[in-house]
Every structure is written in C-alpha cells, then in structure tokens.
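Working notes for the structure below.
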Amino acid sequence: MALIHAYDLRDVVNLLWMAGSEAVSINEERVVASTSIYCVGSTVMVNDTRMAPPFVIQAIGDPAAQEDLLRNPAYLPELKDRVHRYGARFDIQRATDLRIPAYQGHFAIQYARPGGQE
Amino acid sequence: MNTRGAQLSLPAIALLIGFLLVAQMNSLPGIGRAQAEQLGTDRTTIICSLVESNAALRAEVEALQARLAAYEEDTGGGMLQSLVDELNRIRIVNGLVAVSGPGVRVVVDAPISVLDMQDLVNELRNAGAEALALNDQRLVVFSVVNTDGSEGLLVNDTRVLPPYVLSAIGSPNTLETALLRKGGIVEALRETYGPQAVRVERETHLVLPIYPRPVIFRYARVDETQ
C-alpha cells in the first residue's frame with residue numbers, strides 16, 4: 001500500500017490554492033481545471049499520466065503564505081501523521097525561480113456551451 | 001592607253017560585280033524565300049504557341065491567385081474560428097463565462113467532510129466533467145473546498161450548506177456510470193453517511209454560473225523559454 005495517496009496530493013494542492021498559489025504542478029503535470037488526481041493501483045494518475053513517488057509539487061505564489069499553510073498543524077493532519085509514523089519525506093522548500101510546465105493536454109469541450117441560456 | 005585600258009576595265013569589273021550580284025540576287029530568292037517562309041512559319045508557330053501559353057499561364061496565374069485569395073480568406077476564417085473556439089474553451093474551463101449543457105446533478109444530503117467533497121469533485125473531473133458548480137459556486141482550478149470548523153463547507157470562500165448540489169456538465173452517461181460504479185464514490189459515501197445521503201440525477205440542461213472573481217497573477221509570469 002502506497003504511503004502517499006492520491007487524496008494526500010489533492011489535499012496538498014487544495015491547500016496550495018488556498019494559499020493563493022497561481023500555478024501548480026505535480027511532477028511534470030500542470031494542475032488545471034480538468035485535472036483529476038486519481039489512484040490507479042499502486043500509482044497515481046495526474047492528467048492521465050501515471051506517476052509514482054517521489055511527488056514533487058511546485059506552486060508559484062507568495063512563499064510565506066504557502067509555507068504558513070503547509071506547516072500549519074491544522075492542515076494535512078493525516079499526511080503529517082503518516083510522515084511522522086512511517087518516516088515518509090515531506091519537505092517544503094522555498095524557491096525564487098520555479099518553472100512550471102504548461103498543460104500538455106487538450107481541453108476537449110463537447111457538452112458545455114458558453115452562456116447560461118440556450 | 002594604259003590608263004584608258006584601265007579605264008575600260010572598270011566597267012568590266014563593274015559588270016562582273018554586277019553579274020555576280022545579280023547571280024547572287026537570283027540565287028537569294030530561291031533559298032531566301034524558302035528560308036523566310038520557313039522562318040515565318042516557325043515564328044508564327046512559335047509566336048502563336050507563346051501567345052497561347054502566355055494566355056494559358058495568365059489564366060493559370062489568375063486561377064491560382066483566385067485560389068490563393070480564397071484559401072487565405074478561408075484560412076483566415078478558419079483561424080479566426082479556431083481562435084474563437086479556443087477562447088471559448090478557455091472561458092468555459094476557467095469559469096469566465098456561465099455555461100449550459102447536459103450532465104449530472106449530485107445531491108448530497110449529508111454533512112460530508114471536506115475530503116469527501118474533494119473526492120467527489122475529483123471523481124467528476126476524472127469522468128470528464130467540463131464544468132462544475134457546488135451549490136451556486138462555480139468550481140475552477142483555483143477553487144478551494146474548505147471548512148472553518150463551523151457548519152457546512154466553504155467554497156470560493158462562500159459558505160454552502162447541505163443539501164449540497166454538485167452540478168457537472170459532461171456526458172451524463174459517463175458521469176453517472178463513474179459515480180455509481182461498484183466500489184465507487186457514491187457507494188462509499190452511502191456507506192459512510194447512509195443509503196439516502198447521495199442522489200445522482202441525469203440532466204439534459206444544466207446552467208452553471210460564472211466564477212465571480214477575477215484572477216490576478218502577481219507572482220506567475222509566462223515562461224518564454226519553454
């Protein structure tokens with residue numbers, strides 16, 4: 001059983017958006033509106049790309065705000081507990097020049113139409 | 001006398017030259033006319049064919065120019081259309097416009113946790129939801145489902161209370177199947193919160209609101225090196 005679950009990644013990403021992040025990626029996958037972070041067997045699928053640990057999540061934004069939320073004991077309690085108990089790595093590093101890749105997929109819109117009315 | 005002899009010889013020479021000239025003149029029409037006629041025929045033929053091919057080329061140039069103009073016009077229109085389509089996709093995906101379309105409505109009449117709501121949203125995204133809203137809050141990439149420990153959930157910093165109504169535009173069949181599959185999210189939620197906690201309804205016409213706030217980028221810049 002994987003130590004890091006898809007929902008852990010979702011929770012981290014959610015927290016990063018909460019901290020006002022402007023762009024987020026998991027490994028080489030940009031997180032966009034259609035992104036799902038899904039558990040597939042022992043791997044995690046992000047934007048239809050399977051990936052395994054280590055997961056490197058990058059987020060462009062205010063480093064202080066991001067770090068405050070990530071280190072806040074009220075958030076990510078399950079993940080932090082597992083890190084504490086099983087020795088998984090959960091490192092937070094500040095960076096001054098992150099490069100977040102573009103979304104490689106396509107926004108296939110087949111059903112949604114712009115405008116609220118017919 | 002010598003001089004006279006010499007003087008007399010001049011007409012002779014002149015005559016000879018005249019004869020030679022005449023002889024040559026006589027010979028010229030035979031060859032010359034034939035050649036001239038042949039030349040004329042060739043030239044006529046050549047000129048005719050040049051005129052014809054010039055006309056053909058001119059016609060071809062005109063045809064190609066017409067096709068080019070039509071192509072440019074068509075490409076311009078095609079490019080414009082694809083740009084409009086792309087803009088609409090971006091507007092839909094990022095909640096910059098209200099959207100309508102078929103899909104499913106998931107009604108959760110239970111105080112489910114933040115993580116459960118995130119899982120439900122994730123499941124709908126995974127099943128190809130093109131646009132999502134929770135109660136009246138459009139869900140975009142920046143949307144956060146959160147709790148402050150008080151009642152209900154916070155979505156886009158707005159409090160929403162049960163029954164949660166999650167609307168997803170997309171293929172109703174795919175979305176419904178993904179939600180209701182054995183061992184899926186709805187089954188899990190019903191196990192946790194009771195068999196009546198979650199209802200999935202197919203919809204032919206959902207209307208989702210716009211994401212109400214502008215997105216301002218203060219830190220992120222386009223990376224031109226990529």
request  = Could you list all residues from segment A:1-56 that are basic (Lys, Arg) and at the interface with chain B (Cβ under 8 Å from one of its Cβ atoms)?
outcome  = A:ARG10
ask   = Can you tell me how many residues in segment B:158-188 are farther than 25 Å from A:ALA112 by Cβ and in a helix (DSSP H, G or I)?
value = 2
key: Filter result for the condition that a residue is more than 19 Å from A:LEU76 (Cβ to Cβ) and within 12 Å of chain A (Cβ to nearest Cβ), over B:GLU187, B:GLU191, B:GLU151, B:GLU123   = B:GLU123
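Among the residues of segment A:45-58, are any of a type in the set (Asp, Glu) and within 19 Å of B:ASP119 (Cα to Cα)?
The first filter runs over segment A:45-58 and keeps only residues of a type in the set (Asp, Glu), leaving A:48.
Checking which are within 19 Å of B:ASP119 (Cα to Cα) leaves us with A:48.
Yes: one or more hits.
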message = Cβ-Cβ distance below 8 Å, separation of 6 or more or different chains: which pairs start in segment B:185-203 with a residue that is touching a residue at least 60 places away in the same chain (Cβ under 8 Å) and within 16 Å of B:VAL121 (Cβ to Cβ) and end on one that is open to solvent by 60 Å² or more (accessible area, probe 1.4 Å) and in a strand (DSSP E or B)?
response = B:VAL200/B:ARG105
ask   = Of all residues in segment A:48-64, how many are closer than 23 Å to B:GLY184 by Cα and open to solvent by 30 Å² or more (accessible area, probe 1.4 Å)?
value = 4
inquiry  = Being within 14 Å of chain B (Cβ to nearest Cβ), of a type outside the set (S, T, N, Q) and within 26 Å of B:THR147 (Cβ to Cβ) is the requirement here; does A:ALA112 meet it?
reply    = no
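Any idea how many residues of segment B:158-208 are among the hydrophobic types (A, V, I, L, M, F, W, C) and loosely packed, with under 13 Cβ neighbours inside 10 Å?
Residues meeting the conditions: 1.
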Residues within segment B:97-120 that are farther than 11 Å from B:LEU208 by Cα, of a type in the set (Val, Ile, Thr), within 40 Å of the chain's Cα centre (by Cα) and within 9 Å of chain A (Cβ to nearest Cβ), tallied = 0
message = Every residue in segment A:37-47 that is outside any strand (DSSP E or B), surrounded by fewer than 20 Cβ atoms within 10 Å (Cβ to Cβ) and under 12 Å from the mean Cα position of the chain (by Cα), please.
response = none
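Give segment A:65-96 a look and list any residue that's in a loop (DSSP other than H, G, I, E, B) and open to solvent by 100 Å² or more (accessible area, probe 1.4 Å), or say none.
Taking segment A:65-96 first, the residues in a loop (DSSP other than H, G, I, E, B) are A:72-76, A:87-96.
Within segment A:65-96, A:PRO73, A:ARG89, A:GLN93, A:ARG94, A:THR96 meet the criteria.
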query = Any residue in segment A:3-17 that is modelled with pLDDT under 90, farther than 18 Å from B:SER143 by Cα and either surrounded by fewer than 14 Cβ atoms within 10 Å (Cβ to Cβ) or touching a Cys at 6+ places or on another chain (Cβ under 8 Å) (or both)?
reply = yes
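The values are calculated or read from the model by the stated rules, or taken from the named source; none is laboratory data. Nothing here was measured: the structure is a model prediction, and the numbers come from that model. All Cβ positions, glycine included, derive from the backbone under ideal geometry; neighbour counts span all protein chains shown. Quick note on the areas: whole protein, heavy atoms, side chains included, nothing else; ligands and nucleic acids left out. Shrake-Rupley method; radii C 1.70, N 1.55, O 1.52, S 1.80 Å.
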